[in-house]
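Chemist: Okay, handing you the structure first.
The values are calculated or read from the model by the stated rules, or taken from the named source; none is laboratory data. Predicted model, so just to flag it, every value in this text is computed and none were measured. Because the Cβ atoms are built from the backbone with ideal geometry, glycine has one as well, and the counts that use them run over all protein chains shown. Protein only, heavy atoms only, side chains kept; ligands, DNA and RNA dropped before computing areas. Shrake-Rupley method; radii C 1.70, N 1.55, O 1.52, S 1.80 Å.
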Amino acid sequence: MISIINYRTGPLTIQCAQSVLDDMGDIDGHVVIVDNLSGDGSADEIAAWIDTLPAPRRVSLVRSATNSGFSGGHNQGFAAGPSEYVLVLNSDAVLRPGFLAAILSAADDRPETGLFAPRIDYDDGEQQTSCFRFPSPASEFDRGARTGAVSRLLSRRLVALPMPPAPDEIGWASFACILLRRRMIDEIGPMDEGYFLYFEDIEYCWRARQAGWRIAYVPQARAVHFRGGSGPVKALAKEKKRLPGYYYASRTRFFRQTYGPAGPVLANVAWASGRALARLRLLFGKAVPPSNAREARDIWTNILSPLADGRRMGG
């Protein structure tokens, strides 16, 4: 099964689903598109496209009653029918030829592994960093400092991994495109719907790793993830503009779940300490690397209720 969420990305979603159909061939599979209450006519556009497909149709559309975010949307995809594996796929991504055969072969060869991360490229051919260590207070200190000396000192704590990653260093992998073993989903449960967007993939990998499941990197399976195709956060972060509240709500929830009641405070103090160190550059006549607008305030989002449902901030 392939699970794709549509939220006002009709043409991209159709292009994504078509790339799956083109690669599927004789492989037994079905594409489930979950429309997250787009309200812009894109669900009807997708339904009309599905009607043009030859029988037997291998694509179905689920119309969500709410905008349930990334976790809620894919949970509806997970529940749409039985399958041995589920491919979670962003609507702003396409599969390269041979993707499904390569990743399914890797999955069949590794029964102890629950998650399979392919190579993901941007549309200009640049390889995307898609495998990571888990965020920690130490990585938040580095993120606040944005200083080369700190990054070198904390190199084993930095979140982004060099590609290709060392297998034993992968904590989590991007859910823009990833294959999940159904047996693992059945064991650890669905994705946490308390997240609206962001950090839900990190938490799911954390939960899987805590249960003993491994993550494998499969470079033979290749996908393309278009820059900025389905969400604004990366573009806002690049321009150091203010990020949406749901991003920080998700961050708070993650640090609470993984580092305990003090986790969000530890992460925030570490980030603020890093920013204080960054400001010491002024003593040497150097510019301070910018942070996202209002981040010093926004990191405290939901600090008094860290497990509050992030969907209420999703808009």
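Chemist: What are the ³J(HN,Hα) couplings of the range 258-271, residue after residue, when phi is run through the Karplus curve with 6.51, -1.76, 1.60 and θ = phi - 60°? Round to Hz, x for glycine and proline.
Modeler: 9, 10, x, x, 8, x, x, 5, 4, 5, 5, 5, 5, 4
Chemist: Principal axis extents for the range 175-274, Cα atoms only, whole Å, descending order, please.
Modeler: So the three principal-axis extents are 40, 35, 24 Å.
Chemist: How large is the accessible surface of Tyr195 in square angstrom, using a 1.4 angstrom probe and rounding to the nearest 10?
Modeler: Counting only protein heavy atoms, Tyr195 exposes about 0 Å² to solvent.
Chemist: Going by Cα centres, the range 250-270 and the range 107-164 are how many Å apart?
Modeler: 19
Chemist: Something else about it: Taking all protein chains together and a probe of 1.4 Å, list Trp49, Trp300 from the most accessible to the least accessible.
Modeler: Descending accessible area places them as Trp300, Trp49.
Chemist: Then there is this: So how do Leu236, Leu307 rank on accessible area, 1.4 Å probe, biggest first, that is with the largest at the start?
Modeler: Largest accessible area first, the residues go Leu307, Leu236.
Chemist: Let me ask something else. As a check on your grasp of the helix formula, calculate [θ] at 222 nm for the chain: sum -39500 (n - 2.57) over DSSP H runs of n ≥ 4, divide by the residue count, round to the nearest 500.
Modeler: -11500 deg cm²/dmol
Chemist: Largest first and in whole Å, what are the equivalent-ellipsoid semi-axes of the range 253-293 based on the Cα gyration tensor, each being the root of 5 times an eigenvalue?
Modeler: 28, 10, 5
Chemist: Starting from the amide H of Asp121, placed 1.01 Å from N in the peptide plane, find each other amide H under 5 Å away whose residue is 5 or more places distant or on another chain.
Modeler: Sorted by chain and number, the residues that satisfy this are Gln128, Ala223, Val224, His225.
Chemist: Just to confirm a number: summing +1 for Lys and Arg and -1 for Asp and Glu over residues other than Ala166 whose beta-carbon lies under 14 angstrom from that of Ala166, what do you get?
Modeler: Computed value for this residue: +1.
Chemist: While we're on this one: With a 1.4 Å probe and all protein chains kept in place, how much accessible area does Ile120 have, in Å² rounded to the nearest 10?
Modeler: The value for Ile120 is about 0 Å².
Chemist: For the range 207-313, which whole percent of the accessible surface, found with a 1.4 angstrom probe, sits on carbon and sulfur atoms?
Modeler: About 58 percent, which is the carbon plus sulfur part of the accessible surface.
Chemist: What percentage of all Cα-Cα pairs in the range 1-125 are separated by more than 24 Å?
Modeler: That tail contains 25 percent of the Cα-Cα pairs.
Chemist: How many angstrom lie between the C-alpha centres of the range 1-21 and the range 25-55?
Modeler: Spelled out, the Cα-based centre of one part sits 7 Å from the other.
Chemist: Related question: Using a 1.4 angstrom probe with every protein chain in place, what is the largest-first accessible-area order of Ser38, Ser291?
Modeler: So, going from the largest accessible area down, we get Ser291, Ser38.
Chemist: I would also like to ask the following. Order these peptides, 91-103, 182-194, by their mean beta-carbon neighbour count within 10 angstrom, highest first.
Modeler: The densest-packed peptide leads the list: 91-103, 182-194.
Chemist: Which cross-chain or sequence-distant (5 or more) residues have an amide H under 5 Å from the amide H of Val34, H modelled 1.01 Å from N in plane?
Modeler: Ile4, Ile5, Asn6, Val62
Chemist: When the chain is modelled as a GNM with alpha-carbon springs shorter than 10 Å, which of Ala80, Ala223, Ala48 fluctuates the most?
Modeler: In this elastic network of the chain, the residue with the biggest mean-square fluctuation among Ala80, Ala223, Ala48 is Ala48.
Chemist: Ok, one more. Between Tyr217 and residues 5 or more places away or on another chain, which pairs have amide H atoms under 5 Å apart, with H built 1.01 Å from N, and which residues are they?
Modeler: Correct list: Ala117.
Chemist: In the set [x] 19.9, 70; [y] 24.3, 92; [z] 33.8, 114, which value of Rg and Dmax of the Cα atoms in Å was calculated from the structure you see?
Modeler: Of the labelled values, this structure produces [x].
Chemist: While we're on this one: Defining a contact as two alpha carbons under 8 Å apart and six or more residues distant in sequence, what relative contact order in percent does the range 110-242 show?
Modeler: Relative contact order comes out at 40 percent.
Chemist: Something else: Using +1 at the Cβ of each Lys and Arg and -1 at the Cβ of each Asp and Glu in the chain, identify which of Ile303, Ala79, Phe199 lies farthest towards the dipole's positive end.
Modeler: Ile303
Chemist: Given the options Gly274, Gly285, Gly29, which has the most mean-square fluctuation in a GNM of the chain, springs set between C-alpha atoms less than 10 angstrom apart?
Modeler: Highest fluctuation among the options: Gly285.
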